[in-house]
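Everything on this sheet refers to the single structure shown next.
The values are calculated or read from the model by the stated rules, or taken from the named source; none is laboratory data. The model shown is predicted, which means the values in this text are computed figures rather than measured ones. With ideal geometry, Cβ positions are generated from the backbone for all residues, glycine too; neighbour counts draw on all protein chains shown. Ligands, DNA and RNA are stripped out before the accessible areas are found, and what is left, the full protein with its side chains, is counted by its heavy atoms. Shrake-Rupley method; radii C 1.70, N 1.55, O 1.52, S 1.80 Å.
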Amino acid sequence: MAGAIIENMSTKKLVIMGVTLLLFQALAFIVGGLVAPGPTSAMHYLSTKCVDTVKHRDEKKWFMPWGPEQCDRIRSFDEAMAKKIEANNIVFSVHIPQPHKEMSPWFQFMLVIMQFDIAFKMHNQIEDGAMVTIDVGLAYRDDTISEWTEMAHSFEQRRLSCNFTATKTFENEGRYYECELLPFMEIGSVAHKYYLLNIRLPVNERKKINVGIGEIKDIRFVSIHQNGGFTQVWFAMKTFLTPSILIIMIWYWRRITLMSRPPVLLEKVILALGISMTFINIPVEWFSIGFNWTWMLLFGDIRQGIFYSMLLSFWIIFCGEHLMDQTERNRFSVYWKQVGPIVFGSFCLFIFDMCERGVQLTNPFFSIWASDVGTELAMAFIIVAGICACLYFLFLCFMVFQVFRNISGKRTSLPAMSKARRLHYEGLIFRFKFLMLVTLTCAAMTVIFFIISQVNEGHWHWGDHAVQVNSAFFTGIYGMWNLYVFAIMFLYAPSHKRYGDEQSSGQCITGDAGANSGEDIQLTTTITHVDGPTEIYKMTGKEAHE
């Protein structure tokens, strides 16, 4: 074999390949921007106040807010007081979705946020650190005549964070507090057509349960789910890209195994990158359409975490292998200081995810944001993750700068070569530098995507600071990862081109059209004691005196 494809492919073919990849990249953005709808949709609900007239509570009874099975309703708590209805007998009922609509497995997940409408009263103000205790049940059914089946039931607490902007006087009684949104529920599968929430606010003055929470007038909810149209586009992309990456990965490793030398670390890491890309590509989400797999959100996070770890580690090793001398390179152990923090950060990400979505597999009403400590930890995690991502990118830029400086130092030996050899190596150096700049661009977009994803996922938990992410951003970044991994495996695969006896001296130039054709100039290397995939890899690994 004679080097890698990146150095043996003609400039014309490389340009054609680059333009083709750019067209596919543009197509990925266009599909998200013009074909797919927005990633998520939000539906707003105002709970209905139902009255439980049964003296002894029936756990199997569900209260419908509308329809032929609708409950006995009251409009306000003043009406409840007039009818001498106790607070413990009032059930806040919410039907998801709204009348004449259905939920669908294509929605993939459902996140529900709640907000209290609390009126100011001089004799019933919200105390500092007030906690609301919620007795909540979730049920489902798949038609309008079946009985409701309980899906989850739990007692939860949420800390009120409300602000009264006006002066606290009798004249301002009846005006509403400004209360922050509170996390309520998240399920990782929307396998049923209809969902029903029944919420009670039990009052027990002796145990200080729901005391000092103000005068609650209503409870509002916002349900957020993935758009079905976006899910279909996303699944289609995964289905198309999976065989593409799998085929190029098998082809790449077959080329590596055909070589007489064993594969070097860089080639093994490229294979690992291809495996991680294939793992995240495999469209197992298709099964979520027919099966109630509530763990799909957690599984998706794990797959993405593995890919992030592999991609970030690959860039470190890719740069490092072009910095070290031959005595140090090709050993994974020398990168423990750089790869170790990446693995540790990914493990922390996994633990954080398990603390919320892992628990939500059994209790969808659990939220790490519900407590002060959990909120502080979650906010700290998002901030630290964003800072670490930016620091990683700066460190990667520094490594690329060192690689360029290292190559510039090796170029001092080029003037001593013949003109043909000098032009050949300068061409290889230009190709390698261009690939490194593409790598930096891909890294920058990945860091931006990671930060925006973390902020976008958490923005509902701290108020109005929403970050709107277009579908084109998701499909474009996902397409970019696949195209980058495809390009790396293709360009760093061993070339099939062989040369004649005259070339074996390392001094011969051949061309498709003779000596006057500079487009297909090919050259073997005179560096015989350094094994590696490319000439640049071998050149940067030489000792300084060479």
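Looking only at residues of the range 107-154 that are of a type in the set (Phe, Trp, Tyr) and under 21 Å from Tyr45 (Cα atoms), we find that the one that is surrounded by the most Cβ atoms within 10 Å (Cβ to Cβ) is Phe116.
Taken as a whole, the condition of being more than 23 Å from Ala389 (Cβ to Cβ) and of a type in the set (Lys, Arg) applies to Arg331. Taking the criterion of being surrounded by 17 or more Cβ atoms within 10 Å (Cβ to Cβ) and of a type in the set (S, T, N, Q), the residues of the range 188-239 that qualify are Ser189, Asn198, Asn210, Ser223, Gln226, Asn227, Thr231. So which residues in the range 357-374 are surrounded by 18 or more Cβ atoms within 10 Å (Cβ to Cβ), part of a helix (DSSP H, G or I) and modelled with pLDDT of 85 or more? Correct list: Arg357, Gln360, Ile368. Output the number of the condition that Phe347 fails; it satisfies all remaining conditions of (1) hydrophobic (A, V, I, L, M, F, W, C); (2) within 23 Å of Leu246 (Cβ to Cβ); (3) open to solvent by 10 Å² or more (accessible area, probe 1.4 Å). For Phe347, the exception is condition (2). Just to check your reading of the model, which residue among Leu428, Leu394, Leu377, Leu437 is surrounded by 17 or more Cβ atoms within 10 Å (Cβ to Cβ), in a helix (DSSP H, G or I) and either over 17 Å from the mean Cα position of the chain (by Cα) or modelled with pLDDT of 85 or more (or both)? None of the other options fit; the residue is Leu428. The set of residues from the range 88-137 being over 32 Å from the mean Cα position of the chain (by Cα) and in a loop (DSSP other than H, G, I, E, B) comprises Pro99, His100, Phe120, Lys121, Met122, His123, Asn124, Gln125, Glu127, Asp128, Gly129, Ala130.
Out of Lys55, Lys60, I need the residue that is at pLDDT below 90, open to solvent by 30 Å² or more (accessible area, probe 1.4 Å) and farther than 27 Å from Pro97 by Cβ. Which one?
None of the other options fit; the residue is Lys55.
Within the set Arg200, Arg206, Arg141, Arg159, the sole residue that is farther than 21 Å from Gln70 by Cα, basic (Lys, Arg) and touching a strand residue (DSSP E or B) at 6+ places or on another chain (Cβ under 8 Å) turns out to be Arg159. Would you check if there is a residue in the range 247-269 being more than 30 Å from Leu323 (Cα to Cα) and assigned to a helix (DSSP H, G or I)? Within the range 247-269, one or more residues are more than 30 Å from Leu323 (Cα to Cα) and assigned to a helix (DSSP H, G or I).
Can you pull out the residues in the range 176-197 that are aliphatic (A, V, I, L, M) and in contact with a strand residue (DSSP E or B) (Cβ under 7 Å, 6 or more places away or on another chain)? Result: Leu181, Leu182, Met185, Ile187, Val190, Leu196, Leu197.
Among the candidates Glu178, Glu127, the residue that is of a type outside the set (A, V, I, L, M, F, W, C) and at pLDDT below 90 is uniquely Glu127. Does the range 1-24 hold any residues that are open to solvent by 30 Å² or more (accessible area, probe 1.4 Å) and polar (S, T, N, Q), and which are they? Thr11, Thr20, listed by residue number. Take the conditions (1) more than 15 Å from the chain's Cα centre (by Cα); (2) open to solvent by less than 40 Å² (accessible area, probe 1.4 Å); (3) at pLDDT below 75; Thr412 misses just one of them, which is (2).
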